[in-house]
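The values are calculated or read from the model by the stated rules, or taken from the named source; none is laboratory data. From a predicted model like this one, the values you see are computed outputs, not experimental measurements. For neighbour counting, all protein chains shown are included, and Cβ atoms are generated from backbone atoms with ideal geometry for every residue, glycine included. Note: accessible area is taken over every heavy atom of the protein model, side chains too, but ligands, DNA and RNA are not part of it. Shrake-Rupley method; radii C 1.70, N 1.55, O 1.52, S 1.80 Å.
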Amino acid sequence: MKKIAIGIDIGGTNIELAWVKPDGSIIKNLSYKTADFPQVEMFVEEIGNAIISINKELSSFEITGIGIGAPNGNYFTGSIEFAPNLKWEGKIELAKLFEQKTNLKTQLTNDANAAAFAEKLFGRAKQMKNFLVVTLGTGLGSGIFVNGEMLYGSTGFAGELGHTTAIESGRKCGCGKKGCLETYASATGIVKTAKEFLALSKVNSLITETENFEAKDIFIAAQNGDKLAFETIKYTGEILGKSLADYVALFSPEAIFLTGGLAKAHSLLIPETEKAMNKNMLKIFKETVKILPSSLIEQNAGLLGAAALVMSNI
Ligand SMILES: [Zn+2]
């Protein structure tokens with residue numbers, strides 16, 4: 001019997017559900033709005049029922065289980081713990097709730113770890129044992145592979161690179177600290193930088209042509225030769241690259257993959273990031289690590305990686 005795994009990717013805005021083959025191809029998928037489930041019980045009931053009914057349609061396959069990628073997801077406990085972007089408060093034992101509802105083995109991890117699993121199983125990291133995946137979305141997440149295994153640490157939460165300090169007494173972060181990397185190197189961070197630069201600038205910028213501009217408007221402006229937009233990307237790359245040099249000293253990866261909305265501007269962002277990383281890197285690591293765009297950048301790597309949690313080949 002052919003095996004397939006179910007993946008659930010929980011984000012602050014959308015929830016994706018998919019039935020995934022071992023080669024990473026999706027045979028069925030469904031989308032939901034996170035806001036439609038103010039209580040976790042409603043969520044487990046509705047998604048659980050969808051899983052049970054679609055599994056009947058797919059009875060020619062063996063379902064290996066459910067893998068969930070979620071913000072503040074803990075692989076050790078199967079819980080989502082105090083996720084700032086979700087309405088479900090406190091500790092939610094989500095893996096257990098899905099096992100009870102569906103009778104399927106369920107594993108859960110952090111969304112960035114799921115993206116790293118996807119890179120290992122379906123992307124460019126297939127042959128690598130040591131690599132980092134950095135997700136540059138609303139925040140900055142990271143999944144760290146060391147010696148061929150995901151790094152979880154003693155708590156299950158290892159790899160919170162987004163909340164390492166990039167700028168002393170810098171921008172206020174959602175976690176309560178100041179100057180965290182994600183307040184600069186993320187889709188929200190780059191917009192803040194552009195606004196700061198605009199406030200100080202006396203020249204016109206193409207960015208301001210879009211009201212409530214987003215990260216992608218900054219890239220478009222930079223591609224069209226806008227100086228302020230380019231300076232914004234350069235500044236973001238400098239801060240990110242400097243932090244990456246520190247992570248290279250810690251983990252000595254073969255590659256650092258960038259993914260998420262902001263990584264779509266990799267043709268501009270990566271050269272600036274690389275320059276700053278190399279400038280700040282210890283000599284012994286020079287030329288040993290490359291920054292690459294994720295090969296799954298146009299796909300939902302978190303969703304594929306969630307399914308990969310319950311595939312036997314990982
Ligand atoms: Zn923080």
Regarding PHE230, is this residue touching a helix residue (DSSP H, G or I) at 6+ places or on another chain (Cβ under 7 Å), free of Cβ contacts under 8 Å to residues at least 60 places away in the same chain, part of a loop (DSSP other than H, G, I, E, B) and open to solvent by 10 Å² or more (accessible area, probe 1.4 Å)? no
Options LYS177, LYS195, LYS202: the member that is within 16 Å of the ligand (Cβ to nearest atom), of a type outside the set (S, T, N, Q) and either within 19 Å of THR273 (Cβ to Cβ) or surrounded by fewer than 22 Cβ atoms within 10 Å (Cβ to Cβ) (or both): LYS177
Being of a type in the set (Asp, Glu) and under 25 Å from GLU119 (Cα atoms) is the filter; apply it to region 1-50 and report the residue that is surrounded by the fewest Cβ atoms within 10 Å (Cβ to Cβ). ASP23
What's the total number of residues in region 51-73 that are surrounded by 13 or more Cβ atoms within 10 Å (Cβ to Cβ) and not in a strand (DSSP E or B)? 7
Flagged in region 1-50 as hydroxyl-bearing (Ser, Thr, Tyr) and either farther than 19 Å from ILE92 by Cβ or part of a loop (DSSP other than H, G, I, E, B) (or both), in numbering order, are THR13, SER25, SER31
Here's a check for you: in region 142-174, which residue that is assigned to a loop (DSSP other than H, G, I, E, B) and open to solvent by 70 Å² or more (accessible area, probe 1.4 Å) is nearest to GLY78 (Cα to Cα)? THR155
Kindly evaluate TYR184 against the criterion of being aromatic (Phe, Trp, Tyr) and within 16 Å of the ligand (Cβ to nearest atom). yes
Could you check THR165 against (1) under 16 Å from the mean Cα position of the chain (by Cα); (2) near the ligand (Cβ under 9 Å from one of its atoms) and say which number it fails? (1)
